[in-house]
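Encoded as structure tokens, the structure appears first; notes follow it.
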Amino acid sequence: QVQLVESGGGLVQPGGSLRLSCAASGNIFSHYHMGWYRRAPEKQRELVALITSGVSTNYTDSVKGRFTISRDNAKNTVDRQMNSLKPEEAAVYYCNTRILTKNYWGRGNQVNVTS
């Protein structure tokens, strides 16, 4: 069983920045690929970024150059930095990992981008 505890999020003006954090339980965190998803109102869940166990990263095109995902295997954490946020990026952002056939999700962080 893996637990993902999320923190961060909140309200920011367009062009602003926010940082999200995800803490994972388990002794083999370094083996997990970690995903970062978001779900905006009335839209499907979208993969924002992925960081592998080997610390390779991939981003959806719309966030490249603005969002960064990183991990600290010593602390079992994944950090997600969001810069130059846009109003249309208001969403609930989720931390995710998949082990074998099971997906594990954090509770999500609400991010609001409004002036």
Worksheet item: Near Lys43, which aspartates and glutamates are there with a Cα under 16 Å away, not counting those fewer than 8 places off in the same chain?
Response: Glu88, Glu89
Response to the item:
Using alpha carbon centers only, region 1-36 is separated from region 41-114 by a whole-angstrom value of 7
Worksheet item: Cα to Cα, under 19 Å, and not fewer than 8 places away if on the same chain: which aspartates and glutamates meet these conditions relative to Lys86?
Response: Glu42, Glu46, Asp61
Worksheet item: How large is ³J(HN,Hα), in whole Hz, for each residue of region 17-31 in order, when computed from phi with the Karplus curve 6.51 cos²θ - 1.76 cosθ + 1.60 and θ = phi - 60°, using x for Gly and Pro?
Response: 10, 9, 10, 10, 10, 9, 10, 10, 8, x, 8, 10, 3, 4, 8
Fill in: Per residue, in Å², the accessible surface of region 16-62 once ligands and nucleic acids are set aside, probe 1.4 Å
58
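The values are calculated or read from the model by the stated rules, or taken from the named source; none is laboratory data. Note that the structure is a prediction, hence the values are computed from the model and not measured. SASA here: full protein model, heavy atoms, side chains in, ligands and nucleic acids out. Shrake-Rupley method; radii C 1.70, N 1.55, O 1.52, S 1.80 Å.
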